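Inspection log for the structure reproduced underneath, given as structure tokens.
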Amino acid sequence: MLEDLLLTKTNFLDRLLKWMFLDHRTVELLRSIDRYFDDAYYLAANTDVAAAHACPFLHFLSHGLFERRELSSTVSNRRFRDEWVVVFGSDEALERKLGLLKKFARVSRGTLVRLAGRTPGRSRAFWMRSSFEANTIDLSYIRTCNHWRISHPTRASAIRHFAENFSTDILPFSYELTPDVEFYNALYDSKLSALEIQEKWADSSSGDQTFVSMAHLLQHYCGDGALVYDGFDHREYVTRNQGACSEFNEIQAFAHFISIGLEHGYHLPKDNSIALVSIIDARMERLDEIKSRGFLHAAFELRKAGVRSAVIDRFSCQYALSHGEATPTRDMAPHDSLSAFWNNFHMASVLAEQGKHPQAVRHAQKAAGHESGSVFAMDKIHETVSLWHREVHRALQVTAKSDRTMPGERETSGQFVEVLSAIPSFRSGLGKKQHALRKPQVRRIGILADMSLPQCKRYRIDQKLEYLETLGLNATVFNVHSEAEKAAAESALFDIWILYRTPAYYSVLKLLNRAKALKIPTVFEIDDLILDPDFFPEARESYGAGVDDQQYSELRVLPFLYAAVARCCDFGIASTEALSDYLGALVRSERSFVFPNGIDSVHQAALRSLGPVPDPGDGDLIRVFVGSATKSHKDYVAQVFVPQAIKIAEAFQGKVHFSLCGSFDELFDQLDQTARKSIGHINLGWDYPTYLSTLAGFDLNVVPLEKSAFTDCKSEIKWLEASMLGIPSVLAPTSAYERCIEDGVTGLLVDGDDFVTPISALSASASDRRRIGDAAQRAVSEGFSFDSQCATLKDIIAQIELYA
């Protein structure tokens, strides 16, 4: 009641608008929505709104406009928004205004309805609304509105009725549909008025084939109604093409040419304006979109006749390449540098489309030779090389998804190296003598890395950053999956580049290309044998259900991508000696350095927060930690280790309990109830302090790995983590453990596949567990300490500087 009284005040609306920060443009926005909004249509199209018995107009204002719901059958949400973006200046400004309206809709719905000029609960005919302009109406409304279609037998009669009773000017859908009386009557040999043209078009069974203006015709056949038509020599067109009707006038001859003639190779008049060539270009592009090929010969003939454009040149090259009797050399030989540029430019496009990528790159390079320093020409080379790279990658993916044998690594890496060599050379601006003098002391290190695996990121990226900072070096990390282009662009800002687990993406190859041009040493770093397709991935069965077929096919491609990058890098860094030997055979200098995983401040802080670690000899129950961070090796654990673990638990009458920690979900689900009495499962996340806290609660650590070339390259992380806590370990005899473990002193190595003997021995002797745990803790604190790691990394950087 109070609101109704206030509305009688003449100044209330102004005060309200000021309070709401709504200017008169915003009110016009409200009333514009009301003008086009169709309540019945909105409820029919949005059943959720109808089911909620919500006011359609208010729902559209508070939700529908933001959710891109349509206003009516005639005016789209996008069209409405586009119009008002022009009014408010930007999308952001419109969004702010809509946000105010949405907010106000929640506060005072009644006032908002009044501002829009609506009567709540009632949808009036548009011509009865106060905002309706009596002299115009959008033809699209009549064309689709159920009201008119029910009241009149045809749309034409609806238009006639409206024109007689309401309006003198009927607006079409768009600019193209504005009737051009002279054009229409010339094309269809008629004498109709503009209103009669609209009626006839609206009532036609196929309105898009009845053209009311030249813009309408060009929009349909060329996709652009804004093209300029400036005449057509219809007499010569009719004369040169006997199939064309001799009675055609200019408009009819042009319509015949643009709809049929060009596609079927009809001869053009000899003299053509720039405007007509633009129309021909647009029509050819549209014909190419619908995969028509008849116009290619027409493009070739136009080129021979001296009609030139970038589009005609491209399709001419395409025709010439597919017809041996019409070679580009003989029929299209360029006579000047610009012509030679475009000839090679378009030849590159056509050859790339045909899958002839090396030839396409050569033509793109020739084009660049004719336009030295052109960014446009350089972009063309990058485009063709990128397509070549994509095809090499795609071929690998197709093979990986099939049952076919993967190609040889050296052969595939060679293809990626070819792609790298084809990337446009980065001009550093330094001569050879300047390069020789450059060699500054290493200050900044760029790291391009795959950081998708938490444990790998923890030990190979985060840890290295801390060591580098301690050494007084600046380092910046780029994510290979999202920042490789940025890294390539900033390649010159660093003195060394380390590429950790980076596949041969095109942006990675660009970075390598630029670093090579600038004489910046590049280092490929790896911590698993994942760059040799003979060893990675392991057999499909070893991954179980944790990896699906799509993921496994992607794993089959990865070693080729890693090896290709390794072969393009100068040096290597690996986590173990065995892995370093593999990497050294790939990198360009044949020099690879070992940088093991070690201890850092996160370990030290976690250990301090834990306080005293329980003595491995205390308690009656012996708790055994069995850890894994990967999805492979599950078959070995299930078939070899688990039966022995059950046997040990039974022998000790339940006083030994094993916990599978990590990616063992599927394996644990397959255990029967008897096995689960002695084997449990812990699902650990990757919060490192929590992980160490959990590990500290165990008495014994076991690392069950099948001896193989792949596991020989795995690092000593599991022993390192347990040893920091003074927990003794039973370890598979892999190369890394044989190197760093003194058997019987700092750990026990398994003899073959016999886990029963060493685990039983340590389970039976608390003093042996304490002795081995203490010795391992001392070994780790001496050989893998923070200072030791920093010294190792400093020496590696010094050697890279020396050999680079």
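The values are calculated or read from the model by the stated rules, or taken from the named source; none is laboratory data. All values reported here derive from a predicted model rather than from experimental measurement. With ideal geometry, Cβ positions are generated from the backbone for all residues, glycine too; neighbour counts draw on all protein chains shown.
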Which of the residues spanning region 253-302 are assigned to a loop (DSSP other than H, G, I, E, B) and either modelled with pLDDT of 80 or more or basic (Lys, Arg) (or both)?
LEU262, GLU263, HIS264, TYR266, LYS270, SER273, LYS291, ARG293
Is region 546-569 home to any residue that is more than 28 Å from ASN597 (Cα to Cα) and modelled with pLDDT of 90 or more?
no
Note on region 483-500: residues in a helix (DSSP H, G or I) and not acidic (Asp, Glu) are ALA484, LYS486, ALA487, ALA488, ALA489, SER491, ALA492, LEU493
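Do you know which of the residues in region 59-74 that are surrounded by fewer than 19 Cβ atoms within 10 Å (Cβ to Cβ) and in contact with a Lys or Arg (Cβ under 9 Å, 6 or more places away or on another chain) is nearest to ARG96 (Cα to Cα)?
Among them, the one singled out is PHE66.
Results for (1) over 29 Å from the mean Cα position of the chain (by Cα); (2) closer than 17 Å to MET406 by Cβ; (3) not assigned by TED's automatic domain parsing to the domain that holds TRP497, shown as yes or no for each residue.
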| residue | (1), (2), (3) |
| --- | --- |
| ASP528 | no, no, no |
| PHE535 | yes, yes, no |
| ALA539 | yes, yes, no |
| ASP548 | no, no, no |
| LEU555 | no, yes, no |
| VAL565 | no, no, no |
| ALA585 | yes, no, no |
I'm told ALA732 meets every condition in (1) under 14 Å from LEU700 (Cβ atoms); (2) under 50 Å from the mean Cα position of the chain (by Cα); (3) at pLDDT below 95 except one. Can you identify the failing condition by its number?
(1)
Hey, GLY654 hits all of (1) under 42 Å from the mean Cα position of the chain (by Cα); (2) outside any helix (DSSP H, G or I) but one; which does it fall short on?
(1)
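Does LEU529 satisfy the criteria of being assigned to a loop (DSSP other than H, G, I, E, B), crowded, with 20+ Cβ neighbours inside 10 Å and at pLDDT below 95? Even if it seems obvious, please write down each step before you answer.
Details: assigned to a loop (DSSP other than H, G, I, E, B): yes; crowded, with 20+ Cβ neighbours inside 10 Å: yes; at pLDDT below 95: yes.
Judged against the criteria, LEU529 is a match.
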How many residues are within 22 Å of ARG81 (Cβ to Cβ), over 38 Å from the mean Cα position of the chain (by Cα) and part of a loop (DSSP other than H, G, I, E, B) when one looks only at region 38-53?
1
Which one of the conditions (1) acidic (Asp, Glu); (2) crowded, with 23+ Cβ neighbours inside 10 Å; (3) more than 22 Å from ILE530 (Cα to Cα) does ASP751 fail to meet, given that it meets all the rest?
(2)
Which of the residues spanning region 190-212 are among the polar types (S, T, N, Q), in a loop (DSSP other than H, G, I, E, B) and at pLDDT 75 or above?
SER190, SER193, THR210
So which residues in region 470-487 are under 17 Å from ARG390 (Cβ atoms) and in contact with a helix residue (DSSP H, G or I) (Cβ under 6 Å, 6 or more places away or on another chain), if there are any at all?
ALA484, GLU485
When you go through (1) part of a helix (DSSP H, G or I); (2) surrounded by fewer than 22 Cβ atoms within 10 Å (Cβ to Cβ) one by one for HIS363, which number turns out not to apply?
(2)
Test result for ALA504, assigned to a helix (DSSP H, G or I), of a type in the set (Gly, Ala, Ser) and within 23 Å of the chain's Cα centre (by Cα):
no
Here are some conditions: (1) within 22 Å of VAL565 (Cα to Cα); (2) modelled with pLDDT under 85. ASP450 meets all but one. Which one does it not meet?
(2)
Quick one: in region 262-307, of everything that is within 22 Å of ALA348 (Cβ to Cβ) and surrounded by fewer than 15 Cβ atoms within 10 Å (Cβ to Cβ), which residue is nearest to the chain's Cα centre (by Cα)?
GLU289
Top-ranked residue in region 400-413 [being in contact (Cβ under 8 Å) with a residue 60 or more places away in the chain and outside any loop (DSSP other than H, G, I, E, B); ranked as farthest from TYR505 (Cα to Cα)]:
LYS401
